[in-house]
1. Taking strands (runs of 3 or more DSSP E) that do not extend beyond the range 3-91, which have at least 2 residues that are at negative phi, hydroxyl-bearing (Ser, Thr, Tyr) and exposed (fewer than 15 other Cβ atoms within 10 Å of the Cβ)?
2. How many of the residues in the range 51-61 are of a type in the set (Val, Ile, Thr) and under 23 Å from Val33 (Cβ atoms)?
3. So for the range 34-55 (the condition being within 29 Å of Ser90 (Cα to Cα), touching a helix residue (DSSP H, G or I) at 6+ places or on another chain (Cβ under 9 Å) and of a type in the set (Lys, Arg)), does at least one residue qualify?
Amino acid sequence: MRCLSYPIAVGGVMVGSTVSLTDAEWSDEPVAVNVQWTREGKPISGATDSVYLVTPQDAGLVLGAIVQGVAADGTSDSVSVVLSPRVMPSA
């Protein structure tokens, strides 16, 4: 199992906006895809969906996501996506 095409983050990096991840392409059909959003490289508690609502705690920081695909035989691969620029405060 390996990632052939990385997911892409779509949406705004402003407090109150949502960011979503497109589907990654994997060498094997995954039986599970796990997502963990990060703030400054550290996991955000409870942020494990493909869509993330940008919060005031994110302002001025860098968001990212770790996406893991798991194949039926148990093999897996993980990729990281980093959003740029830093999160802007709400307008």
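1. Details: elements: 3-5, 9-11, 18-21, 30-39, 51-53, 63-71, 76-82.
In the range 3-91, 18-21, 76-82 are the strands (runs of 3 or more DSSP E) which contain 2 or more residues that are at negative phi, hydroxyl-bearing (Ser, Thr, Tyr) and exposed (fewer than 15 other Cβ atoms within 10 Å of the Cβ).
2. The first filter runs over the range 51-61 and keeps only residues of a type in the set (Val, Ile, Thr), leaving 51, 54-55.
Then keep just the ones that are under 23 Å from Val33 (Cβ atoms); that gives 51, 54.
Total satisfying the criteria: 2.
3. Yes, that holds for at least one residue.
All of the numbers you see were taken from the coordinates with simple rules; none came from a lab. All values reported here derive from a predicted model rather than from experimental measurement. With ideal geometry, Cβ positions are generated from the backbone for all residues, glycine too; neighbour counts draw on all protein chains shown.
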